[in-house]
1. Per residue of A:178-188, count partner chain C-beta atoms within 10 Å of its C-beta, then hand back the mean as an integer.
2. Going by Cα centres, segment B:225-251 and segment A:1-39 are how many Å apart?
3. Run the dipole for chain A about the Cα centre, Lys and Arg Cβ at +1, Asp and Glu Cβ at -1, nothing else charged, and hand back the magnitude in debye, nearest 20.
4. Could you work out [θ]222 nm for chain B from helices alone, using -39500 (n - 2.57) per DSSP H run of at least four and dividing by all its residues? Round to the nearest 500 deg cm²/dmol.
5. Along the charge dipole of segment B:110-250, pointing to its positive end and built from +1/-1 on Cβ of Lys, Arg, Asp and Glu, which listed residue (B:H236, B:S139, B:L247) has its Cα farthest out?
6. For the protein assembly as shown, what proportion of DSSP beta bridges, expressed in % and rounded to the nearest 5, is antiparallel?
7. Just to check I understand the Karplus step: with θ = phi - 60° and J = 6.51 cos²θ - 1.76 cosθ + 1.60, what whole-Hz values come out for segment B:61-66, glycine and proline as x?
8. Would you grab the residues whose amide H sits under 5 Å from the one on A:A74? Only those 5+ places off in sequence or on another chain, please, with H modelled 1.01 Å from N.
There are 2 protein chains.
Amino acid sequence: MSDENTLIFYDIPSKIGAWSPNTWKTRYSLNFKGIPYKTVWVEYPDIEKTLKDLGIAASATKSDGKTPHYTLPAIYDPATKTGLTESFAIAKYLDEKYPDKPILVPKGTEVLQKAYIDATRDKFVEVVRQFTIPKVAWSLNERSQEFFRRTRKQRLGKTIEELDPQGEKRKEEWKKLEEGLGQIDKWYASGKEDILVMGGEDKACFADFAFAGFVIWIRILFGKESEEWKDVSGWHSERWGRMIQVLEKYE
Amino acid sequence: MSDENTLIFYDIPSKIGAWSPNTWKTRYSLNFKGIPYKTVWVEYPDIEKTLKDLGIAASATKSDGKTPHYTLPAIYDPATKTGLTESFAIAKYLDEKYPDKPILVPKGTEVLQKAYIDATRDKFVEVVRQFTIPKVAWSLNERSQEFFRRTRKQRLGKTIEELDPQGEKRKEEWKKLEEGLGQIDKWYASGKEDILVMGGEDKACFADFAFAGFVIWIRILFGKESEEWKDVSGWHSERWGRMIQVLEKYE
């Protein structure tokens, strides 16, 4: 179905398929809006050049506060000759250019959605990283893995293997993960009716996808049959497992 | 204007007037909806008995996880013979019983508003407490002050005077407060247009009042001319000062 007007979605490959929580946010967004697109796979060392060649500005800076930091997801829309990066910015672009498709950030919800995403980052993403980052490294193709190991070492001050929690520490940190999700669970109505942020099972919005990208991370990296996914998908009346299930049609 | 059908709002008095961030959330809510009400002032040691006499259930438990913890704000609505406590629950009640008045929690925003409130608690309220709790104690009437000092000592493990940060520590913690507000600031569009959570200057919602209750705390406790209020109201392009100003009509 792809032709020269098909939107292009840039993602990072691995030995286990699509794995990046950040690019998942945009994959979910594109599928939710029903916009046809073609995926182009870019290994880590090639991200910067790929975006520069497309004239896409970096959305962030490195830790020195000035060197541009080029990241995926990115999209290029031949219909408008627009390329951009960063999943929230992409969601807003898609809403603006495709207003007749389902809306990711309904009017009046932008600040609230950003607060939701920030709070889920503090309570869940920051804790889950130690478990997932090592699995990511081991799953990447060779060129990306070398790049990923080197840049994470610089950023975190430890190797992937040192990051991965072991023994008692692993149990404690896994408990913290459950507690963090428990705080998020309190925002939702008790019982089973509230699966998505804006209520019910039908009306997804960008905040759902932003959070789900990190929850589905566990399923993708550890596998559907793993103890890890059984835990996460089962906690809090199976709220998180049901969330991923409800969003499955946008995978 | 009060008659036997006027809604009653229970608040905690002090030497400096209305001071409680939690009851401010409900005062703002009632004024926003334009519901006539009468304020009844209840000193701390009388809160439990007052609510029990009204048949109002506690909304929380003490740190043992089972003893009911009776708190204000509370309201009693003679029109429906309903009494309840906890500002979010009160907001939802008011929306349900008075749907023709402006809506505090528009459909689809409940989870998002709770996430916003939770995130502002982590980033702002938890840091500001050390500065405000001592000022609160010094401002309460004698009976409430004795109760407040005793229960805070139990909860925090230190006296009010030990909590109040001094010297270098005060400067560091004040800097953390600015940084926490800086993280909240990032959720809003840059520039001056975005003052309220749902956008613009007109469309307030409960999340605005929940956060504003803690921001106005600084102005009330330290005074309009204090260095503290000048700092907070001036940070981040005066976003917080302007927020309080925009909400002034609901004070």
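Read-outs throughout are calculated quantities, based only on the coordinates presented, and are distinct from any laboratory measurement. Since we're looking at a predicted model, the values are computed, not measured. Cβ atoms come from the backbone with ideal geometry, glycine included; neighbour counts cover every protein chain shown.
1. 2
2. If we compute the Cα centre of each part, the gap is 43 Å.
3. Details: 40 positive and 40 negative charges, 92 e Å.
I would put it at about 440 debye.
4. One gets -16500 deg cm²/dmol as the mean residue ellipticity at 222 nm.
5. B:S139
6. 65
7. Karplus-based 3J(HN,Hα) across segment B:61-66 equals 10, 6, 5, 6, x, 9 Hz.
8. Those qualifying (amide H under 5 Å, at least 5 residues apart or on another chain) are A:Y10.
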